[in-house]
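Structure first, then comments.
The values are calculated or read from the model by the stated rules, or taken from the named source; none is laboratory data. Quick caveat: nothing in here was measured; it's all calculated off a predicted structure. Because the Cβ atoms are built from the backbone with ideal geometry, glycine has one as well, and the counts that use them run over all protein chains shown. Each accessible area value is taken on the protein alone, full model and side chains, heavy atoms only, with ligands, DNA and RNA left out. Shrake-Rupley method; radii C 1.70, N 1.55, O 1.52, S 1.80 Å.
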Amino acid sequence: KALQPTSIIIFGATGDLAKRKLFPAFYNLFIEGRMPEKFNIVALGRADKENEDFKNYVKENLVLFSRNQTSIETEWDKFSSHIIYFRHQIDEENSYKELDEKLKTLDNDYGVRANRLFYLSIAPNFVSVISGHLKNAVLAPNPAQDRIIIEKPFGHDKSSAIELNSLLSRTFEEEQIYRIDHYLGKETVQNILAFRFGNSIFEPIWNCKYVESVQITVAEEVGVESRGGFYEGTGALKDMIQNHLLQVLCMVAMEQPASLDAGEIRDRKVDVLRSIRRIPLDRVSHYAVRGQYGEGVVKGVKVKGYREEEGVAADSNTETFAAIKFYLDNERWEGVPFYVRTGKRMKEKHSYITIQFKPLPQSTFIAGKHPLSQNKLIINIQPLMDIRLQFMTKKPGLTVELKPVEMIFDYFSCKEDTPEAYETLLLDALEGDLTLFMRSDQVEEAWDVVKTIQEYWENNPDPSFPNYSAGSSGPEQCELLLQREEHAWE
Ligand code: BG6
């Protein structure tokens, strides 16, 4: 379907996200012929800049961050003719009037009132100011044509998320709001639904009768990088678990949607979030483990501890690691623990899901010398992108001996050049498809899930911090969380 002419307006166009993710994503969509025939990217920034200077800056960053490098020289001129740098002050009414005029001029050029896609790539405290001005200047009055994309963090707890949703609802209809969680744009995460509901052999065993536990790990090798100031008020629970990990959990645990309709899929996800058993305040330490990295060695390089990072307090109580055991109170998952963990400065970057199946109730092979490994399904999200099914086979030979083997689907054998999450999500937003974006109730419910942990951790500083070395697998207590159930991290 041909896309309508669109003006894409980026607030915070000179920021980090725009240079690393947004411009490269638009560029890759462009060279693949996925952008509307008529479009402009109106890049808003505070500084007085020449258009050409800004374009050169975008080009330099494309060379650094675009997954597609081969065609930059030949395609750049065409792509860059769609970029307009526009000086703009977020808190000045007049700036929005000028923007209005600019957008109207563009509409004249297109020959129609174009769709408008506003991208808020700015600190969360500006959302309310911008949304108020967009309303006053009547910049996004048409629910069918005007959309707004909002980056996380979406609030900092349940009540602030509710407040933010209510504030946005004064300017926008719910179907105009695209709350982005870039994990949902990842190819490997999207594939979970296809894998579960497109195969007759997995869905029948995807439940508490056959599954013993589920693990979701998002390990990062990087530390807080230059974001110490931001991260201090955030931590792993709010930065990763409340959004990315809970969303992945929803994909693994949700019931089959009746259709691929956005509302239907989002309803099934909210069902999962509602069914997650809330952890009582006085039981938080039993279900959740936190950590903070001290100095250490990552891939042979000595690195600082979190408290030594720029912008971080010397006695910081912010967690850079979190692991939680959740239970879902519904028929499908009764009694199955869902373990989630994430951390910075781990020994390697690796995100994956493990579905651990129950052992056979009876087996000829269990007795004596034939120990069986339990069947396992591993979904590697990144940087490895594959699905592995582990099962037992007879070792070829004259004696009867069993060994575990793997059957692997590797994404790279399928398509080498997998789109980046932002490409998928931006294209969906251009097309008006809300499926992979968060609805207001999803966000609020996810905050509710972590509410008591957040409260407990904020009010009870952890005297053991820093409690894991950079380059390790996280704090020791994280292993205990599973050992209690006679499980172990994969
Ligand atoms: C972001 C977090 O949402 O996700 C970062 O704010 C984190 O702290 C990042 O590093 C991880 O994303 P990815 O795609 O690199 O796994």
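Remarks
- Translational diffusion coefficient (Stokes-Einstein; Kirkwood radius from C-alpha pairs) of the range 234-368 at 25 °C, 0.890 mPa s, in µm²/s: 138
- Options 211, 200, 150, ranked by Cα towards positive dipole end of the range 97-230, top entry (Cβ charges): 150
- On the basis of the beta-carbon distance and an R0 of 30 Å, residue 34 and residue 69 show a calculated FRET efficiency of 0.95.
- Since only 438, 138, 240 are under comparison, the one whose Cα sits farthest along the positive direction of the charge dipole of the chain, derived from C-beta charges on Lys, Arg, Asp and Glu, is 240.
- Where the range 181-296 is the region considered: accessible area per residue in Å², 1.4 Å probe: 35
- Rolling a 1.4 Å probe over the protein heavy atoms gives the range 422-490 an accessible area of 41 Å² per residue.
- Whole-Hz Karplus values for the range 229-243 come out as x, 5, 5, 3, x, 10, x, 4, 4, 7, 6, 10, 5, 4, 10 Hz, taken residue by residue from phi with 6.51 cos²θ - 1.76 cosθ + 1.60 and θ = phi - 60°; glycine and proline positions read x.
- Qualifying aspartates and glutamates (Cα of each under 16 Å from Cα of residue 394; at least 8 residues distant if same chain): 406
- Relative contact order (%) - criterion: Cα under 8 Å, at least six apart; region: the range 23-158: 24
- Spin-label pair residue 259-residue 455: with each label point 7 Å from Cα along the Cα-Cβ axis, the two points sit 4.1 nm from one another.
- Kirkwood Rh in Å, taken over the range 97-244 so that all alpha-carbon pairs contribute: 18.8
- Subtracting the Cα-Cα distance of residue 413 and residue 484 from their residue separation scaled by 0.36 nm leaves 21.6 nm.
- Annotation: for a label point projected 7 angstrom from Cα along Cα→Cβ of residue 384, residues of the range 447-490 with backbone N closer than 12 Å are 490.
- Carbon plus sulfur fraction of accessible area for the range 290-354, probe 1.4 Å, in percent: 48
- All lysines inside 24 Å of residue 349 as judged from Cα atoms, apart from same-chain residues fewer than 8 positions distant: 19, 21, 152, 186, 238, 299, 302, 304, 325, 376, 415
- Directionally averaged projected area (convex hull, Cα atoms, the range 245-298), nm²: 6.3
- Given charges at beta-carbon only (K, R positive; D, E negative), |dipole| of the range 156-228 in Debye: 160
- Out of every Cα-Cα pair that the range 352-457 contains, those further apart than 25 angstrom amount to 55 percent.
- Between residue 208 and residue 175, the modelled label-to-label distance comes to 3.8 nm, taking each label 7 Å out from Cα in the direction of the beta carbon.
- Overall dimensions of the range 155-224, expressed as equivalent-ellipsoid semi-axes from the Cα gyration tensor (√(5λ), whole Å, largest first), are 33, 19, 14.
- Across the range 169-196, the residues whose backbone nitrogen lies under 18 Å from the label position 7 Å along the beta-carbon direction of residue 20 are 180-187.
- At R0 = 25 Å, FRET efficiency that the Cβ-Cβ distance of residue 90 and residue 162 yields, to 0.05: 0.55
- Within the range 1-139, the proportion of C-alpha pairs whose separation exceeds 27 Å stands at 18%.
- Percentage relative contact order, the range 215-278, counting C-alpha pairs under 8 Å, at least six apart: 28
- Equivalent ellipsoid semi-axes, the chain, via Cα gyration tensor eigenvalues times 5, rooted, Å: 41, 26, 23
- For the chain, size of Cβ-based charge dipole, Lys and Arg +1, Asp and Glu -1, in debye: 1100
- Convex hull of Cα atoms in the range 1-57, direction-averaged projection (nm²): 4.2
- On the beta carbon distance between residue 128 and residue 373, with R0 = 60 Å, the FRET formula returns roughly 0.65.
- Cα gyration tensor, the range 166-286 - rounded (a/c under 1.5), prolate or oblate: oblate
- Three-way shape label, the range 95-163, alpha-carbon gyration tensor, a/c 1.5: prolate
- The chain: relative contact order as a whole-number percent, Cα under 8 Å and 6+ apart: 18
- Area projected by the alpha carbon convex hull of the range 395-490, averaged over all directions, nm²: 13.3
- Selected from 28, 94, 41, residue furthest toward positive end of dipole (the range 9-111; charges at beta carbon): 28
- Packing-based ranking of 139-151, 383-395 yields 139-151, 383-395, ordered from highest to lowest mean Cβ neighbour count within 10 Å.
- About its Cα centre, the range 377-432 has a charge dipole of approximately 660 debye under the convention of +1 per Lys or Arg Cβ and -1 per Asp or Glu Cβ, with nothing else charged.
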